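In what follows, a single structure is set out as structure tokens and then discussed.
The values are calculated or read from the model by the stated rules, or taken from the named source; none is laboratory data. What you see is a predicted model; the values in this text were computed from it and never measured. As a convention, Cβ positions derive from the backbone with ideal geometry for all residues, glycine included, and neighbour counts pool all protein chains shown. Heavy atoms of the whole protein, side chains included, go into the accessibility calculation; ligands, DNA and RNA do not. Shrake-Rupley method; radii C 1.70, N 1.55, O 1.52, S 1.80 Å.
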Amino acid sequence: MGSLGFIWKSLFRRKVRAILTMASLVTAFLLLVLLRSVGVVFEAGEDFANVHRLSVSSKFSVIDSLPKSHVRKVEQVEGGKTVTHMNWFGGAYQDPYNMVMTFAVDPSSYFDVYPENEISAEHHEAFNASKTGMVAPRRIAERYGWQVGDRVPLLSTIFQYQDSSMGWQFDLVGLFDPENEFGDVVLIRHDYFDEGWIHGGDEAIGRIGVVLEDPDRAREIAKEIDSLFENTSDPTRTATEAEFARQWLAQIGNISLMVNGVLGAVFFTMLLLAGNTMMQGLRERTPEFGVVKTLGFTNARLFAYVLGESLLLVTMSAVVGVALGTQVVGFLVIALVGDMPPMLQSWGTVLLAGVVAVGFSVLVGLFPSITAARLQIVDALRAR
Amino acid sequence: MEIVSLNDVSKTYTKGNQRVEVLRRICLDIEQGDFIALMGPSGSGKTTLLNLIGGLDMPTSGTVQVGASRLESLSSSGLARWRAQNIGFVFQFYNLLPMLTAQHNVELPLLLTSLPSKQRKQNAATALDLVGLGDRAKHKPSELSGGQQQRVAIARAVVADPMILVCDEPTGDLDRQSAEEILGLLEILNHRHGKTIVMVTHDPKAAEHARHTLVLDKGELVQPAAQA
Ligand SMILES: Nc1ncnc2c1ncn2[C@@H]1O[C@H](COP(=O)(O)OP(=O)(O)OP(=O)(O)O)[C@@H](O)[C@H]1O
Ligand SMILES: [Mg+2]
């Protein structure tokens, strides 16, 4: 038995109590990973907001559509360089839960407005030329084993094909490389979508994207666009992507606050519980501390051992909790989205868990270890 | 040659504004290799005196010299290290750590040495053999009888090979037969291994095993130490 063995045996002196305490700490760290991952997903959007682009959507709601004639009119507005439009298609591959985010776009202008998606001239040309064409992020094609030239069936989440089924067929004609995983969106052609949709034919579009010549005039141009349609049956709401992101973030700010609040409450409760357990242990162990001091353990050594117990307890729980949490997040994300975005495997959460674990151990262990170190042998021995 | 030398030692406890003089101007020399029984009524200060000799407590005045060390001059950590090397303690209620096996209880003082783990293990096993409990190494204290627990405690007290054993009523909680076994063990340690022993006891039969008997009454030694 070495020092670590002694600390270990002291910690597990009451197995059931120690294991219950560990189980609740594991749960707390599991929650930390789960909730922080939610936070990471929400907060990540911020980095990809763009101030050079305006987004035009229906004033009523983002799911209401706009007539395609709006696109021509927006193109007339001075200060807008390039304009494109897109519809949300939904999309799932093979299994309705296997979601593949898909947009129906205008093939010729889409990549001009979203140049962060790199596509070769050859593949772009093929997309322009094939009405049933589809282009996919390389990452997604690799995941599903799609090859250029394949016929890929996709299920739409809400849009029925002409034959009243949800099944659509597309020809994979090209691949592109999005800047980051937020760009992992499969693109199909809007004209084909409009034809194929059982209720289509009116060329309705979901959203218009405009690249600005001068970002400083964003507000002015947005106003001008909205005023064009103010008194029509399809009024619009225009803002920069960054502005949308900010509104989104304002809501997320609340979510983050909530997430952190819940975590704070969880750990505060744990602190009270673990602190109470520690204090109980302290009382019943006072004569023992007297004994080991009698044997020649210095105050400093006893301090280290008692603090070591709380470090060991919390660190082990943190390792198990983070490992479990990462598994659960991975499982959930794969079940819901089909792939694990690399950002979720970030070391940020692990680091946070490490810092929380050390801080927590010290908070819980400091008082008992100081008390143990300060005990007078004679008093401790008489305490039995 | 004296191994313990107390000179004019007093110990006073203050409770509130009440001062209790527990030991009054004690002068005491203990020869190396002696086995002393310390007797006296309850509350007469026996444990207090023992604690001073073992370096668990400090006198209010006077000096305590044990071996080459003046205990009042040592720091708290210096005193702890000194105890680890020089004193073995045996208590009335054994004071074994409940979560450790007999083997690990005996190994505990060796954590303070620089011995490698294998050597620690072996020394602890030897000490357990010495007290006749080699076959109970894996037992927890709760799985041992009182007499067996006290023998484990003695193994723990001698495992680091101290020069003095300090025992506070080591048989106070035991039946006659277990008590005799423990006293026999202490005699062996005294005779064969040359340990100096100071033992507090209320039991005159126990005191018969010692070479000398001292009596403490109301904080004073009433019977001077007879010479061997
Ligand atoms: N830490 C302390 N604080 C206050 N008073 C103490 C303390 N330790 C001992 N005393 C008092 O000192 C006196 C002597 O105590 P001590 O334990 O030395 O007696 P004892 O001879 O060992 O008695 P017993 O035979 O009952 O063990 C008692 O009156 C006790 O109350
Ligand atoms: Mg006593």
Checklist entry - Accessible area of A:K81, 1.4 Å probe, to the nearest 10 Å²? => result 130 Å²
Checklist entry - Just by accessible area at a 1.4 angstrom probe, what is the order of A:W146, A:W88 from largest to smallest? => result A:W88, A:W146
Next on the checklist: Skipping prolines and chain starts, which residues have an amide H placed within reach, meaning under 5 Å, of the one on A:K81, given they are 5 or more residues away or on another chain?
Outcome noted: A:V211, A:L212, A:E213
Checklist entry - Distance from the Cα centre of the stretch A:282-312 to that of the stretch A:119-138, in angstrom? => result 71 Å
Item to check | Probe 1.4 Å, accessible area per residue of chain A, Å² | outcome: 49 Å²
Checklist entry - What is the distance, in nm, between label points placed 7 Å from the Cα along the Cα-to-Cβ direction at A:R217 and at B:Q85? => result 8.9 nm
Item to check | Debye, to nearest 20: dipole size of the stretch A:60-234, +1 on Lys, Arg Cβ, -1 on Asp, Glu Cβ | outcome: 320 debye
Next on the checklist: Within 10 Å of each Cβ in B:91-101, how many Cβ atoms from other chains are there, averaged over the peptide?
Outcome noted: 5
Item to check | Other protein chain Cβ atoms within 10 Å, averaged over every residue that makes up A:283-292 | outcome: 3
Next on the checklist: Over 10 Å intervals from 0, what percent of Cα-Cα pairs in the stretch B:1-65 sits in each interval?
Outcome noted: 20, 53, 22, 4, 0
Next on the checklist: Once ligands and nucleic acids are excluded and a 1.4 Å probe is used, how much of A:D379 is accessible, expressed in Å² to the nearest 10?
Outcome noted: 90 Å²
Checklist outcome for this item: Sorting A:Q147, A:V83, A:S130 by the position of each Cα along the dipole of the stretch A:60-234 (Lys, Arg +1; Asp, Glu -1; all at Cβ), the one nearest the positive end of that ordering is A:Q147
Checklist outcome for this item: Order by accessible surface, 1.4 Å probe, largest leading, for residues B:C167, B:C27 comes to B:C27, B:C167
Next on the checklist: What does the net charge come to around B:R211 if you take all other residues with beta carbon closer than 13 Å to its beta carbon, with K and R at +1 and D and E at -1?
Outcome noted: -3
Item to check | Sequence-distant residues sharing a close amide H with B:C27 (under 5 Å, placed H) | outcome: B:D8, B:V9
Checklist outcome for this item: Answer in debye to the nearest 20: the dipole magnitude of the protein assembly as shown about its Cα centre, from +1 Lys/Arg and -1 Asp/Glu charges placed on Cβ, is 3860 debye
Checklist outcome for this item: With every protein chain in place, the accessible area of A:V173 for a 1.4 Å probe, in Å² rounded to the nearest 10, comes to 20 Å²
Checklist entry - Which distance in Å, rounded to a whole number, links the C-alpha centroids of the stretch B:61-86 and the stretch B:119-165? => result 26 Å
Checklist entry - Which length gain, in nm to one decimal place, applies between B:E2 and B:C27 when the Cα-Cα distance is subtracted from 0.36 nm times their residue separation? => result 7.7 nm
Checklist entry - At a Förster distance of 35 Å, what's the computed FRET efficiency of B:V20 paired with B:R176, Cβ-Cβ distance as r, to 0.05? => result 0.50
Item to check | Residues of type lysines that A:K81 reaches as a straight line, Cα spacing below 25 Å, ignoring anything fewer than 8 places off in the same chain | outcome: A:K59, A:K68, A:K73, A:K223
Checklist entry - Of A:K9/B:K15; B:K118/B:K195; A:K293/B:K121; A:K15/B:K118, which ones are farther than 30 Å apart at the Cα? => result A:K9/B:K15
Checklist entry - How much net charge surrounds B:S10 when only other residues with a Cβ under 10 Å from its Cβ are counted (Lys, Arg +1; Asp, Glu -1)? => result +1
Checklist entry - If r is the Cβ-Cβ distance from A:D379 to A:Q327 and R0 is 56 Å, what FRET efficiency results, to the nearest 0.05? => result 0.70
Item to check | Top positive-direction residue, dipole computed over chain B with Cβ charges, set B:L108, B:G147, B:L23 | outcome: B:L108
Checklist outcome for this item: Counting only residues 5 or more apart in sequence or on a different chain, those whose built amide H sits under 5 Å from that of B:V90 are B:V166, B:C167, B:D168
Checklist outcome for this item: Check: C-alpha center the stretch A:142-179 vs C-alpha center the stretch A:1-16, spacing in Å is 59 Å
Checklist entry - Which FRET efficiency value, to the nearest 0.05, do you get for B:E143 and A:L257 by plugging their Cβ-Cβ distance into 1/(1 + (r/R0)^6) with R0 = 45 Å? => result 0.25
Checklist entry - For the stretch B:130-228, what log10 I(q)/I(0) values come out of the Debye formula at q = 0.11, 0.13, 0.22 1/Å, with one point per alpha carbon and no solvent? => result -0.36, -0.49, -1.24
Item to check | q = 0.11, 0.14, 0.15 Å⁻¹, chain A: log10 I(q)/I(0) [Debye, one scatterer per Cα] | outcome: -0.85, -1.16, -1.27
Checklist outcome for this item: Once accessible area is computed for B alone, A alone and the pair with a 1.4 Å probe, the total buried surface, to the nearest 100 Å², works out to 2200 Å²
Checklist entry - With point charges of +1 on the Cβ of Lys and Arg and -1 on the Cβ of Asp and Glu, referenced to the Cα centre of chain B, which listed residue (B:L71, B:Q177, B:I53) lies farthest in the positive direction of the dipole? => result B:L71
Checklist entry - Per the Cauchy relation, a quarter of the hull surface: what is the mean projected area of the convex hull of the alpha carbons in the stretch A:60-234, in nm²? => result 10.5 nm²
Checklist entry - Counting partner chain Cβ atoms within 10 Å of every residue's Cβ in A:254-264, what's the average? => result 0
Checklist entry - Just by accessible area at a 1.4 angstrom probe, what is the order of B:S5, B:S61 from largest to smallest? => result B:S61, B:S5
Next on the checklist: Starting from 0.36 nm per residue, how many nanometres of slack lie between B:R192 and B:S10 once their C-alpha separation is accounted for?
Outcome noted: 62.1 nm
